[in-house]
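Engineer: My structure is below; once you've seen it, I'll send some questions.
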Amino acid sequence: MSLTHFDENGKAVMVDVTDKDVTVRTARATGKITVNQAGYQAIETGTAKKGDVLAVAATAGIMAAKKTADLLPMCHILPLTNCRIEFEKDSEKREIHCYCTVKVTGKTGVEMEALTGASVALLTIYDMCKALDKHMKIGEIYLLDKTGGKSQFK
């Protein structure tokens, strides 16, 4: 398999999707942040000084998914038809797991949008809780599944 973001001279290019079929395409990405007890408690009880951490993080993740092409130079500008950010909390490990699901009807997939949405949602949690915890860890950001187009996986 060859890389599609390079031309015959090895220069970076945007992939030409002109002749691709329009299909419904989805992608779901995940990641997590581990926080200390004070940070977890503030998230759980909604007492962080900057406000409702998960509500703000969900909004930031959706906004980021919509702006992915502004951040990643070879991404196509896509009119997303849906983006959802969801969180699962693990009180024993003091982890917040983020899931970003993105959908579009188009000629190219939304993997980068889902990954960007999850990443920025987690970064927002970090930003809103950094006064309570200087040692938060963000990690395990990866694509869970994608549908539509030629390559799919679950």
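The values are calculated or read from the model by the stated rules, or taken from the named source; none is laboratory data. Bear in mind that the values here come from a model prediction, so they are computed numbers and not experimental data. We place every Cβ from the backbone using ideal geometry, glycine too, and count neighbours over all the protein chains shown. Only protein heavy atoms, including side chains, enter the accessible area calculation; ligands, DNA and RNA are left aside. Shrake-Rupley method; radii C 1.70, N 1.55, O 1.52, S 1.80 Å.
Engineer: Give the aspartates and glutamates whose C-alpha is closer than 15 Å to that of LYS103, dropping any in the same chain fewer than 8 places away, or say none.
Structural biologist: In chain and number order, the partners are GLU86, GLU111, GLU113, ASP145.
Engineer: Around PRO79, under 15 Å between beta carbons, what's the net of Lys plus Arg minus Asp minus Glu among the other residues?
Structural biologist: +3
Engineer: Could you rank PHE6, PHE87 by how accessible they are, 1.4 Å probe, largest area first?
Structural biologist: The residues order as PHE6, PHE87, largest area first.
Engineer: List the aspartates and glutamates whose alpha-carbon lies under 12 Å from that of LYS107, not counting same-chain residues fewer than 8 positions away?
Structural biologist: ASP16, ASP19, ASP21
Engineer: Continuing with the same structure: Which value, in Å², gives the accessible area per residue of segment 42-154 when a 1.4 Å probe is used on the protein heavy atoms?
Structural biologist: That works out to 57 Å² for each residue.
Engineer: Counting each DSSP H run of 4 or more residues in the chain as -39500 (n - 2.57), what helix-only mean residue ellipticity at 222 nm follows after dividing by all residues, to the nearest 500 deg cm²/dmol?
Structural biologist: That comes out to -9000 deg cm²/dmol.
Engineer: OK, next. Pairing the Cα long axis of helix 53-66 with the longest principal axis of the chain, what angle in degrees results, from 0 to 90 and rounded to the nearest 10?
Structural biologist: Compared with the principal axis, the helix lies near 10 degrees.
Engineer: Turning to a different aspect of this structure: Count the net charge of all other residues whose Cβ sits under 14 Å from the Cβ of MET63, scoring Lys and Arg as +1 and Asp and Glu as -1.
Structural biologist: 0
Engineer: Now, a different point. Could you sort 142-148, 54-60 so that the peptide with the highest average Cβ count within 10 Å comes first and the rest follow in order?
Structural biologist: Packing proxy ranking, top to bottom: 54-60, 142-148.
Engineer: Give me the lysines in straight-line cross-link reach of LYS93: C-alpha distance below 20 Å, same-chain residues under 8 apart excluded.
Structural biologist: LYS32, LYS130, LYS134, LYS137
Engineer: For a test of the definition: using alpha carbon positions, the gyration tensor, and the 1.5 limit on a/c, classify segment 67-144 as rounded, prolate or oblate.
Structural biologist: Prolate is the answer for segment 67-144, as a/c is 1.5 or above and a/b outweighs b/c.
Engineer: Also: Does anyone have the angle between helix 111-129 and the longest principal axis of the chain? Alpha-carbon axes, 0 to 90°, nearest 10?
Structural biologist: Orientation of helix 111-129: about 20 degrees from the principal axis.
Engineer: Out of the total accessible area of the chain (probe 1.4 Å, heavy atoms of protein only), what percent is carbon and sulfur?
Structural biologist: Of all accessible area on the chain, carbon and sulfur atoms account for 54 percent.
Engineer: Can I ask one more? Can you check what the net charge comes to around THR147, using other residues whose Cβ is under 10 Å from the Cβ of THR147 (Lys, Arg +1; Asp, Glu -1)?
Structural biologist: Neighbour charge sum, excluding THR147 itself: +4.
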